[in-house]
Amino acid sequence: MVFQRHPGGPILTRDHVPDFPPEIIDASSVFNPGVALWRGKVVALLRVQTRGRRTFLLKASSEDGLRFDIDPQPLVFTGIEALPETIHHIYDPRLTVIEDELLVCFAMDLDEGCRLGMARSRDFLHFDFIGMSDDDLRNGVIFPERIGGRYARLERPNNSAGNLAGGGDAIRLAYSDDLVKWEGSVELMRGRPRYWDERIGSGPPPVKTSQGWLHIYHGVATHFGASSLYQAGVVLLDLNGPSQVIARGRDNVLEPRETWELGGQVPGVVFPTGLILRDKAADLYYGAADTCIGLARTSVDALIQACRIGD
Ligand code: BMA
């Protein structure tokens, strides 16, 4: 088995979410966290859903990566209020530390479809809105260093027309000088029809290894009749030109098996969104059944090995 789950079950559940009346009272769920190592602490932005199925992002921080202090006050991206569009939900944030700045890439549900939004912070207190995509995109992740002098982002075109949940089966790479204008987008991988990763999207931002950029992504098997199964898998990308896939694992490395992954708001979901490397351990934070947050541990070597199986 590639990953060992934290033995205590989910590390964050709705029971941990503080009330913040009138916005948050007796939250329904907390899942799909963006996570980063920031100035010696594990910091996270938690996706919290209320019983009105409204979405808030809450800041959280932890010394040990297990027990989090949660700031009850929902996060506001300064400047986002100037957008003329109605924003229904902001969710699934991914965090990247680059050049002593914390970047957040998140999904925004508008009437027009889904957009990728970006924000930045230098203190984990204030977050400034940077901009959003023109296109319908989701699952955006920023590389933790510039490539060829430019910011690099993986993104997933989202087919949300007529379908609020959306979906997509290709991950693309785009570059930017200023984080606002993204260009030169090329496709690096597609879903594999009939297997575990028919639909795909990036998980946490890629991490640099001697073998290449190691990337965890989610795959959706859609062929099980009534329900779709969300799992996590791995791929290695070329260090210089990450649109080049070096190796892609045949099997998933994490799939719903525990009762709290198999049952919940959306059954049968592990949705990887945060990866922290510390003391040779690779800790994966993931949303489980769109209801709570799990933590599973492995090593970078084991993940690289998994990329090479069946390739
Ligand atoms: C995806 C996204 C995620 C969610 C997952 C499972 O399409 O909407 O936010 O966790 O579906 O429902």
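See the values below:
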quantity	calculated
Flag for Arg120 being charged (D, E, K, R), surrounded by 16 or more Cβ atoms within 10 Å (Cβ to Cβ), touching a Pro at 6+ places or on another chain (Cβ under 7 Å) and not in a loop (DSSP other than H, G, I, E, B)	no
Residues being open to solvent by less than 80 Å² (accessible area, probe 1.4 Å) and either out of contact with any strand residue (DSSP E or B) (no Cβ under 8 Å at 6 or more places or on another chain) or in a loop (DSSP other than H, G, I, E, B) (or both) - total across segment 38-62	3
Residue satisfying condition, being crowded, with 21+ Cβ neighbours inside 10 Å, out of contact with any Gly (no Cβ under 8 Å at 6 or more places or on another chain) and part of a loop (DSSP other than H, G, I, E, B), within set Gly140, Gly65	Gly65
Residues of segment 189-223 satisfying the condition of being under 15 Å from the mean Cα position of the chain (by Cα), assigned to a loop (DSSP other than H, G, I, E, B) and more than 13 Å from the ligand (Cβ to nearest atom)	Pro204, Pro205, Pro206
Among the residues listed as Val266, Val270, the single one being in contact with a helix residue (DSSP H, G or I) (Cβ under 8 Å, 6 or more places away or on another chain) and either within 13 Å of the ligand (Cβ to nearest atom) or in a loop (DSSP other than H, G, I, E, B) (or both)	Val270
Any hit, segment 234-255, residues being within 18 Å of Ala170 (Cα to Cα), within 16 Å of the chain's Cα centre (by Cα) and away from the ligand (no atom under 14 Å from the Cβ)	yes
Odd one out for Gly34, checked against (1) open to solvent by 80 Å² or more (accessible area, probe 1.4 Å); (2) assigned to a strand (DSSP E or B)	(1)
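The values are calculated or read from the model by the stated rules, or taken from the named source; none is laboratory data. Not measured: the values here are computed from a predicted model. Cβ coordinates were reconstructed from backbone atoms using ideal geometry, including for glycine residues, and neighbour counts include every protein chain displayed. Keep in mind that these areas ignore ligands, DNA and RNA; they rest on the heavy atoms of the full protein, side chains included. Shrake-Rupley method; radii C 1.70, N 1.55, O 1.52, S 1.80 Å.
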